[in-house]
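Presented below is the structure to which this report refers.
Please treat every number below as a calculation from the coordinates, not as lab data. Predicted model, so just to flag it, every value in this text is computed and none were measured. Heads up, the Cβs are rebuilt from the backbone with ideal geometry, glycines too, and the neighbour counts pull from every protein chain shown.
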Amino acid sequence: MKVIEQILFQSIEEVGNLYRKKEVSPVEVTEATLNRLYSLEPKLNAFITVLHDEAIEEAKRAEAVFLRGEQAGRLTGIPISIKDIFMTKGTRTSLASRILANHVPDHNSHVYTALRNAGAVVFGKNNMLEFAYGSVHSDYGQCNNPWDTKRTSGGSSTGSAASVGAGIGFASIGTDTGGSIRIPAAFCGVVGMKPSYETVNSYGLFPLSDSLDHIGPLTRTVRDNAYVLQEIATRPCDFTHTFTGDIHGVNIGVIREFIDDTLHPEVRSLFESAVVQLQELGADITEVDIPGILTAEEAGMPIILAEASYHHREWVPGRAEDYAPGTYGNLREGLKIDAVSYLQALEARRQFTNVVNEAFEKVDILICPTAPYPATEKDPSFEDGNIDISKRTIPFNITGHPALSVSAGNTASLNLPVGLQLIGRYYEEETVYRVADAYQQATGGYRRPPL
């Protein structure tokens, strides 16, 4: 069992090679994944639904592929989970809500279908903030951090980041409307990618904000992340030759506005060390000003509020008591957004996007801390007036550029992960991945939490 548990923290490529050599089977790895889930789940609260029987059957089919010596894809037999926001035919999709607690869809999401077609073993549906909207519903409870189970894993893709960080599966698919992949990735020390807008088909995703929603993978390594995105992307993506380790001459811009007084001192220190490391790897570092980036959230919020309330119109206000108070408060505010304010926000979005595109005429990559502080005890919530948590992430939901969080190391005081965010030009995920991978490799790779 000890050997199998170590395999749970290896990369997708390493596990695939073990399958091909017949040194371990997909059934053994899936069973070990499920056993680790059951042993840690009371502490993490990372799953809403476990697909035990289905996963074992999928693993047996994958095992047969390897035993017959047939051509197998990179994800064949690899245990992967998905956020409980993606529709799964015949299996409950709750969105961590009371309203959809017993909702059983009659169709599969694109994400679920793509993973199954790639041979992945989808073994569970992850806990999340209610409707991906910033609050924990008391029926489901907070998902906890694998580095300190007294702290949150971040939101809204809470269970996705926590489970991957804890070695329960090799990847998870989350959603990101204002930072909901990247912030949990930062808090849990994993890799989270929000690819370019509409890179992954949103069919079968219950939307929060159609204009800002993104779908992407969370993994332990940058390379795993790229390989998963390659399988679920709607447009052609091929990252086979991405990971050269060479970033000489890549022009990286440090977003000056985000190195401010709101940063936790250890976040600032780790970010500064990351900048030095990237420079030592051969990147050219400059400081960049992006006018309006500190107020970009003001354009994003009317869009999120209005679009979210539209999708909840059949339940608001009639089912007010079934929502978490914070979720319902947001939905109520969204109903107050008038058409003129919404259209003004869309115009502000267009103008700010042009500003960011102009910045990319001077640099290849933008970087900043992912979050201003390490994991907190409770999820920062809009209802508490705490929106600084997403100040560095939501601008790139507004613009739609690809953005990735990779661990910049852990704080010395509490041993909590800190995220480094890398942002690229439209459809240039390859450059983001290449730089992030070189950085991750140079800094020792993924660190396993003491769980």
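Note on Leu51, Leu422, Leu404: ascending count of other Cβ atoms within 10 Å places them as Leu51, Leu422, Leu404, the fewest first.
With the Kirkwood sum run over all distinct C-alpha pairs, the range 297-339 has a hydrodynamic radius of 10.4 Å. What you get for the chain, charging only the Cβ of Lys and Arg (+1) and of Asp and Glu (-1), is a dipole of about 980 debye around the Cα centre.
Inverting the pair-averaged 1/r between distinct Cα atoms of the range 349-451 gives 15.2 Å as its Kirkwood hydrodynamic radius. Across the options Pro42, Ser160, Ala114, the greatest Cα extent toward the positive end of the charge dipole of the chain (unit charges at beta carbon of Lys, Arg, Asp, Glu) belongs to Pro42. Close amide H pairs (under 5 Å, H built 1.01 Å from N) link Thr234 with Val200, Asn201, residues at least 5 positions away or on another chain.
Backbone N atoms of the range 97-129 closer than 19 Å to the 7 Å Cα→Cβ label point of Lys89 belong to residues 103-125.
For the range 110-176, what class follows from the C-alpha gyration tensor (a ≥ b ≥ c being the square roots of its eigenvalues): rounded when a/c is under 1.5, otherwise prolate if a/b is larger than b/c, else oblate? It comes out oblate by the Cα gyration axes. On full extension, the segment bounded by Asp106 and Lys22 gains 26.5 nm, given 0.36 nm per residue less the C-alpha separation. Once backbone amide H atoms are built at 1.01 Å from N, Val121 has Gly77, Ile78, Ile80 as its partners under 5 Å, excluding neighbours fewer than 5 places away on the same chain. The charge dipole of the range 297-339, taken about its Cα centre with unit charges on the Cβ atoms of Lys, Arg (+1), Asp and Glu (-1) only, comes to about 140 debye. Candidate membrane-span-like segments in the chain, meaning DSSP H helices with Cα atoms spread over at least 24 Å of their own axis and a Kyte-Doolittle mean of -1.0 or above, are 26-44, 339-359, with no membrane implied. Where only DSSP H runs of four or more residues are counted, the chain gives -11500 deg cm²/dmol as its mean residue ellipticity at 222 nm, each run worth -39500 (n - 2.57).
Annotation: amide H of His137 within the under-5 Å range of Glu130, sequence separation 5 or more or interchain, hydrogens built in the peptide plane. Ordered by the count of other Cβ atoms within 10 Å of each Cβ, fewest first, Phe396, Phe271, Phe66 give Phe66, Phe271, Phe396.
Positive end of the dipole of the chain (Cβ unit charges, origin at the Cα centre): among Phe360, Ala348, Thr240, the Cα lying farthest that way belongs to Thr240. Taking 0.36 nm per residue of sequence separation and removing the Cα-Cα distance, the Gln6/Glu198 pair yields an extension gain of 65.6 nm.
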